[in-house]
1. Output the qualifying pairs, or none if there are none: Cβ atoms under 7 angstrom, residues six or more apart or on different chains, first residue in segment 302-322 and at pLDDT 95 or above, second residue in a helix (DSSP H, G or I) and within 13 Å of the ligand (Cβ to nearest atom).
2. Can you find a residue in segment 434-449 that is farther than 19 Å from residue 345 by Cβ, in contact with a strand residue (DSSP E or B) (Cβ under 7 Å, 6 or more places away or on another chain), within 12 Å of the ligand (Cβ to nearest atom) and in the same structural domain as residue 354 (by TED's automatic domain parsing)?
3. From the list 127, 132, which one is touching a residue at least 12 places away in the same chain (Cβ under 8 Å) and under 26 Å from residue 2 (Cα atoms)?
4. In segment 100-215, which strands (runs of 3 or more DSSP E) lie fully inside it and hold 1 or more residues that are loosely packed, with under 12 Cβ neighbours inside 10 Å?
5. Is it the case that segment 298-305 has a residue that's within 19 Å of residue 422 (Cα to Cα) and crowded, with 17+ Cβ neighbours inside 10 Å?
6. Go through segment 241-254 and give me each residue that's crowded, with 19+ Cβ neighbours inside 10 Å and in a loop (DSSP other than H, G, I, E, B).
7. Could you tell me whether residue 289 is at pLDDT 95 or above, under 30 Å from residue 175 (Cα atoms), outside the structural domain of residue 446 (by TED's automatic domain parsing) and away from the ligand (no atom under 16 Å from the Cβ)?
8. Among the residues that make up segment 269-284, is at least one of them over 21 Å from residue 444 (Cα atoms), outside the structural domain of residue 358 (by TED's automatic domain parsing), crowded, with 18+ Cβ neighbours inside 10 Å and touching a residue at least 40 places away in the same chain (Cβ under 8 Å)?
Ligand code: SAH
């Protein structure tokens, strides 16, 4: 970070502008909008600024800049077309530790002016650190479109209720939850649609109801699929709930860039889950979810891929239901879909594969329960999750039940992530490939003729392939 963003109070303070051209005029009106008292030093004024001086009662000193113009000023802006003057203003102001901005010359500035979206009392300031004002303006245009003008009204309404809510709900958590519900619910909608009075009444009613319930909120669990690793593959709903949670319970498959999108001040609990190395056993995870929700927390249970595909999501929600805890389930992109797309292997194809089966290589201790004759049938794709440790058995069984040893097969390691690797082989050679290349989990195994398509499609993919 090259600059520290701050918002400065200049109300009723004297602010100096050196220069009388159109740029000076724009800066003057910004300072005036923030309540500053504008003093302009310039021998001549352009028409635009002359009108403003009259309209807004700026003070105009019709002469060249002098050092004592800096006396008692809160901020200084140099906007002349004379570089030497701008340089002098900057040097003298900085010697006095006065914040100074020289238009179009970041090297002479002690502060820079951002691009502004004004939804008073909300202000959004965008800066590119002087690198590209045009880019900042483009971003501003994008944001302008997505932030309704009515946000300002909503913020004013919230401001009017702040002290009341503080008195009625003494706990910080209760207030946070209350405001989140208000800002995402009907009160916000009423305010956005211009029904100010109805919004105010609804807010008052919600406050009375929450206070009468003692300010306690009911806990809830969000069982959310985080996808295979690339944060771009999250759903909008997943992202919204990730921003809302008080606490997140996550496991090994949730990638780091995804964890960075979780609300910053949420408590984070790691429950591990490498194969046979559970940091917290499943029963322990269930207990944690129940306990946190009973404490009134919004609990985000974040899982790799989809929570209902080899994710034990079903077990977790059974436990929540037994304990009467509210929950929602948000699907995620499962590893098979993510790895297939990012490795150029369509899971089905009209010519080669009319069905696809997801199978787990990690079975309960009571032995091999897989239906090998069905899995070895032709014209289908079989995707093995958690199959790396038993790749030898999987390949041997498929071959023993009739699938050709030359059936194409792929290993996709860390699919969709920047360090994704794709290994292409055949059923007969796959176990050797795993050993040779030291393939590591998480890895997905894809078996079937569709793997051949990778040869055609790989040129479009950014990742490394090893064959
Ligand atoms: N619920 C998850 C699957 C959990 S089981 C989902 O829907 O994707 C864990 C197995 O998923 C791993 O052993 C591996 O086989 C597979 N897997 C998960 N993420 C992966 C990734 N990014 N790349 C390759 N395989 C992955």
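1. Taking only residues 6 or more apart or on different chains, the pairs are 303/313; 305/335; 307/313; 308/314.
2. yes
3. None of the other options fit; the residue is 127.
4. Passing ranges: none, list empty.
5. Scanning segment 298-305 turns up at least one residue that is within 19 Å of residue 422 (Cα to Cα) and crowded, with 17+ Cβ neighbours inside 10 Å.
6. Hits for segment 241-254 are 245, 246, 251, 253, 254.
7. Taking the combined requirement at face value, the residue satisfies it.
8. Scanning segment 269-284 turns up no residue that is over 21 Å from residue 444 (Cα atoms), outside the structural domain of residue 358 (by TED's automatic domain parsing), crowded, with 18+ Cβ neighbours inside 10 Å and touching a residue at least 40 places away in the same chain (Cβ under 8 Å).
The values are calculated or read from the model by the stated rules, or taken from the named source; none is laboratory data. Computed from a predicted model, the values in this text were never measured in an experiment. So basically every Cβ, Gly included, is an ideal-geometry build from the backbone, and we count neighbours across all protein chains shown.
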